[in-house]
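Here's the structure we're looking at; comments come further down.
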Amino acid sequence: MTKLSVILPTYNERENIPELIDALHATLSPWNWEYELVVVDDNSPDGTAGVVRSRYGDDPHVALLVRTDGRGLATAIRYGIERATGDTVVCMDTDFNHDPAMIPQMVKFLEFYDLVIGSRFVMRGGMEDRFRQFSSGVYNFGIRLLFRTPVHENLSGFFAMSREKILSMPLDDIFYGYGDYFIRLIMVSWRRDYNILEVPVFYRLRMHGHSKTQFVSTLIQYTRALFSLWIKLWQGRMK
Ligand SMILES: Nc1nc2c(ncn2[C@@H]2O[C@H](COP(=O)(O)OP(=O)(O)OP(=O)(O)O)[C@@H](O)[C@H]2O)c(=O)[nH]1
Ligand SMILES: [Mg+2]
């Protein structure tokens, strides 16, 4: 790896993002890697972008991208990846669900794997929110049955991959919607025979602020996304 880009999608994360950027600096600086932290903010009404600009405007490691035309988690991640300058990319949530301390090992494993996923569903992985842990577990089981794949975590959104490899994927077919983009990313990777590694991660509760995930509407959205992906794959419309 010559340079790491950490993609940080934010929507109303003004309280979390400075702590996360500081934690990322603390985690990454001992490794002597070149790195950038790419914040992709969808013009959050709470002023997240302003906080990043005022605190990290002079920080050469922080790149702030603000989108003013619409919002969406998956398209924000794609936007960040496309504009990143590193050869290796890590994507993660910005509310401390995803532990920044896991990044060095995920990046190091990329020496041997094409895609490294932070997984709650391998030994020692898990989640503080027991209800979400249970429901995500059941959902993942359903995905494995439907698609006949062995990946335990299809919903995480915490992953490391070479930027070139992501950009070689059918981005329009993957990066839309919400966290369901991750199901499609895994499925394309699996069908391309990429070597996938799941490393155990434990999700803490969001540190500050409010969730953007509404359980029932997310469940419906993901289920729709699953079946349309299933049909697309069956019809051979996605490689
Ligand atoms: N840029 C951008 N980021 C978003 C958008 N929606 C969510 N995010 C970010 O995506 C990540 C996941 O959103 P969360 O609200 O934490 O969803 P969750 O992890 O399922 O829910 P909780 O952690 O329980 O609150 C966070 O870093 C959000 O700031 C969006 O429309 N645009
Ligand atoms: Mg979260």
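Out of all DSSP beta bridges in segment 3-234, what portion is antiparallel? Express it as a percent rounded to 5.
25
Can you tell me the order of 226-233, 177-184 when each peptide is scored by its average per-residue count of other Cβ atoms within 10 angstrom, highest first?
Result, highest mean Cβ count within 10 Å first: 177-184, 226-233.
Under 5 Å between amide hydrogens, which residues at least 5 positions from Lys3 or on another chain qualify, with H placed 1.01 Å from N in the peptide plane?
Asp87, Thr88
Can you bin segment 87-223 into rounded, prolate or oblate? Criterion: square roots of the alpha carbon gyration tensor eigenvalues sorted a ≥ b ≥ c, rounded for a/c under 1.5, prolate for a/b above b/c, oblate for the rest.
rounded
Any chance you could run the full-extension gain for Leu145 through Lys212? It's 0.36 nm times the residue separation minus the Cα-Cα distance, nm to one decimal.
Gain in length upon complete extension: 21.3 nm.
Can you tell me which of 89-99, 190-200 comes out highest on packing, and rank the rest after it, using the mean Cβ neighbours within 10 Å?
Going from most to least packed, we get 89-99, 190-200.
Quote the charge dipole size of segment 148-225 about the Cα centre in Debye, to the nearest 20; the model charges only the Cβ of Lys and Arg (+1) and of Asp and Glu (-1).
In debye, rounded to 20, segment 148-225 gives about 160.
Count the lysine pairs in the chain that are 8 or more places apart or on different chains: how many have C-alpha atoms under 18 angstrom apart?
4
Dividing the Cα radius of gyration by the Kirkwood radius, what Rg/Rh value follows for segment 3-234?
Value, to two decimals: 0.93.
Under 5 Å between amide H atoms, partner at least 5 residues away or on a different chain: which partners does Ala84 have, H built in plane at 1.01 Å?
Result for Ala84 returns nothing.
Using a ≥ b ≥ c from the Cα gyration tensor of segment 171-239 (square roots of the eigenvalues), is it rounded, prolate or oblate, where a/c under 1.5 gives rounded and otherwise the larger of a/b and b/c decides, a/b for prolate?
Since a/c reaches 1.5 but b/c is at least a/b, the shape of segment 171-239 is classed as oblate.
If you line up the long axis of helix 73-83 against the longest principal axis of the chain, both from Cα atoms, how many degrees apart are they, to the nearest 10?
Approximately 60 degrees, to the nearest ten.
If we sort 123-132, 153-162, 67-76 on the protection proxy, mean other Cβ atoms within 10 Å, highest first, what's the order?
Listed from highest to lowest mean packing, they are 153-162, 67-76, 123-132.
Could you give the distance between the Cα centres of segment 44-107 and segment 164-215, to the whole Å?
15
Each value in this text was obtained by applying a stated rule to the coordinates, not by laboratory testing. Treat the numbers as computed from the prediction; the structure is a model and nothing was measured. So basically every Cβ, Gly included, is an ideal-geometry build from the backbone, and we count neighbours across all protein chains shown.
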